[in-house]
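Below: the structure, in structure tokens.
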Amino acid sequence: MTKPEDETFGVPRFLAFIDLGYLEEALAVADAHLSRKIGTVATTEDRNRAGNVNATRQSLMRAAFIASFASIEQNLDELAHIERNKQKVKLVPSDLKDRGIKRSLAYANKVLDKKLSTESHPWKDLLLLQEVRNHLVHYGPGFSDSSEHIKRFERLEKTEYVSLRPSICFTMEQMNRIFGLYMECIQDFSS
């Protein structure tokens, strides 16, 4: 039996950022659907239903954020490999001690002679989102009373990419902004 995924056109890994567009569209559809499910909130039962729907929405948004972040990491790594092959450089990104986005940036700057500043937009914002991703993966959406978490909470409450209620939450507008940031990073890395 042929499965639908066997018939879809596969794209090279470096074009996989197209998946971000599909993910963004799926989120928009799910967000609109969940918004309609809330309806009017007049009774305690309505408030409980709305709370459950919003919890579902946030679980979906956080999962999509983590998946999208993995995609941007993979795409930057692939762009580094493509440029490495063009320049015929022997050193590969995995030869560096860094991992993820920091490795791709270090490789681009040190080996490929790019000038990508982690202190300027869009990279500073992307590294902040990496902190959000790491927090979600290792601690979940909440914060403890530790000094590390208090400092992180204070940094994150100043950004336009997340909302803290008091846990990490996303709106559809914030997810759109995040996907736009990813595209800025891909364009900057590619130039």
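The values are calculated or read from the model by the stated rules, or taken from the named source; none is laboratory data. Just so it is clear, the structure is predicted and the values come from calculations on it, not from any experiment. Positions of Cβ are backbone-derived with ideal geometry, glycine not excepted, and every protein chain shown enters the neighbour counts.
Determine which member of the set S94, S117, S104 is outside any helix (DSSP H, G or I), modelled with pLDDT under 95 and either buried (at least 18 other Cβ atoms within 10 Å of the Cβ) or out of contact with any helix residue (DSSP H, G or I) (no Cβ under 6 Å at 6 or more places or on another chain) (or both).
Numbers: S94 fails: outside any helix (DSSP H, G or I); S104 fails: outside any helix (DSSP H, G or I).
After ruling out the rest, the residue left standing is S117.
Given the residues V89, V132, which is the only one that is β-branched (V, I, T), outside any helix (DSSP H, G or I) and surrounded by 13 or more Cβ atoms within 10 Å (Cβ to Cβ)?
On the way: V132 fails: outside any helix (DSSP H, G or I).
On inspection, the qualifying residue turns out to be V89.
Could you tell me whether any residue of the stretch 86-95 is farther than 24 Å from N176 by Cα, in contact (Cβ under 8 Å) with a residue 60 or more places away in the chain and among the aliphatic types (A, V, I, L, M)?
Filtering the stretch 86-95 down to residues farther than 24 Å from N176 by Cα leaves 86-95.
Still in the list and also in contact (Cβ under 8 Å) with a residue 60 or more places away in the chain: none.
Checking the stretch 86-95: not a single residue is farther than 24 Å from N176 by Cα, in contact (Cβ under 8 Å) with a residue 60 or more places away in the chain and among the aliphatic types (A, V, I, L, M).
Residue-by-condition table, conditions (1) of a type outside the set (A, V, I, L, M); (2) under 22 Å from R155 (Cα atoms):
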| site | (1), (2) |
| --- | --- |
| L60 | no, no |
| D98 | yes, no |
| V111 | no, no |
| H121 | yes, yes |
| L127 | no, yes |
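Among the candidates S59, S68, which residue alone is surrounded by 15 or more Cβ atoms within 10 Å (Cβ to Cβ) and among the hydroxyl-bearing types (S, T, Y)?
S68
How about the stretch 141-181: which of its residues are over 20 Å from T118 (Cβ atoms), in contact (Cβ under 8 Å) with a residue 12 or more places away in the chain, in a loop (DSSP other than H, G, I, E, B) and more than 14 Å from the chain's Cα centre (by Cα)?
If the condition is that a residue be over 20 Å from T118 (Cβ atoms), in contact (Cβ under 8 Å) with a residue 12 or more places away in the chain, in a loop (DSSP other than H, G, I, E, B) and more than 14 Å from the chain's Cα centre (by Cα), then P141, G142, F143, P166, S167 are the ones that fit.
Out of everything in the stretch 74-97 that is among the acidic types (D, E) and out of contact with any Leu (no Cβ under 8 Å at 6 or more places or on another chain), what residue ends up being farthest from I18 (Cα to Cα)? Walk me through it before giving the result.
Restricting attention to the stretch 74-97, the residues satisfying the condition of being among the acidic types (D, E) are 77-78, 83, 95.
Cutting the leftovers down to out of contact with any Leu (no Cβ under 8 Å at 6 or more places or on another chain) gives us 77-78, 95.
On the way: D77: 16, E78: 14, D95: 28 Å.
Among those that are among the acidic types (D, E) and out of contact with any Leu (no Cβ under 8 Å at 6 or more places or on another chain), it is D95.
Can you say whether R99 is modelled with pLDDT of 90 or more, among the basic types (K, R), under 30 Å from K151 (Cα atoms) and within 18 Å of the chain's Cα centre (by Cα), as far as the supplied structure shows? I'd like the intermediate steps shown before the answer.
Values: modelled with pLDDT of 90 or more: no; among the basic types (K, R): yes; under 30 Å from K151 (Cα atoms): yes; within 18 Å of the chain's Cα centre (by Cα): yes.
No; evaluated as a whole, the condition is false for this residue.
Report yes if some residue within the stretch 18-39 is over 25 Å from N134 (Cα atoms), free of Cβ contacts under 8 Å to residues at least 12 places away in the same chain and under 21 Å from the mean Cα position of the chain (by Cα); otherwise report no.
Taking every residue of the stretch 18-39 in turn, at least one turns out to be over 25 Å from N134 (Cα atoms), free of Cβ contacts under 8 Å to residues at least 12 places away in the same chain and under 21 Å from the mean Cα position of the chain (by Cα).
Tell me, which residue of the stretch 38-67 that is among the hydroxyl-bearing types (S, T, Y) and either in contact with a Phe, Trp or Tyr (Cβ under 8 Å, 6 or more places away or on another chain) or in a helix (DSSP H, G or I) (or both) is nearest to L181 (Cα to Cα)? Show your work before the answer.
We begin by selecting, within the stretch 38-67, every residue among the hydroxyl-bearing types (S, T, Y); these are 40, 43-44, 56, 59.
Filter once more, keeping what is either in contact with a Phe, Trp or Tyr (Cβ under 8 Å, 6 or more places away or on another chain) or in a helix (DSSP H, G or I) (or both): 44, 56, 59.
Values: T44: 39, T56: 25, S59: 22 Å.
Restricting to residues being among the hydroxyl-bearing types (S, T, Y) and either in contact with a Phe, Trp or Tyr (Cβ under 8 Å, 6 or more places away or on another chain) or in a helix (DSSP H, G or I) (or both), the top hit is S59.
What residue, of E5, E24, is part of a helix (DSSP H, G or I) and modelled with pLDDT under 85?
Values: E24 fails: modelled with pLDDT under 85.
After ruling out the rest, the residue left standing is E5.
How many residues does the stretch 68-86 contain that are within 19 Å of E173 (Cβ to Cβ) and among the small types (G, A, S)?
1
Is at least one residue of the stretch 111-127 over 23 Å from L79 (Cβ atoms) and touching a Phe, Trp or Tyr at 6+ places or on another chain (Cβ under 9 Å)?
Checked against the condition, which is being over 23 Å from L79 (Cβ atoms) and touching a Phe, Trp or Tyr at 6+ places or on another chain (Cβ under 9 Å), the stretch 111-127 yields no hits at all.
Among the listed residues E78, E73, which satisfies the condition of being in contact with a Gly (Cβ under 8 Å, 6 or more places away or on another chain) and assigned to a helix (DSSP H, G or I)? Spell out how you get there, then give the answer.
Values: E78 fails: in contact with a Gly (Cβ under 8 Å, 6 or more places away or on another chain).
Of E78, E73, the one residue that is in contact with a Gly (Cβ under 8 Å, 6 or more places away or on another chain) and assigned to a helix (DSSP H, G or I) is E73.
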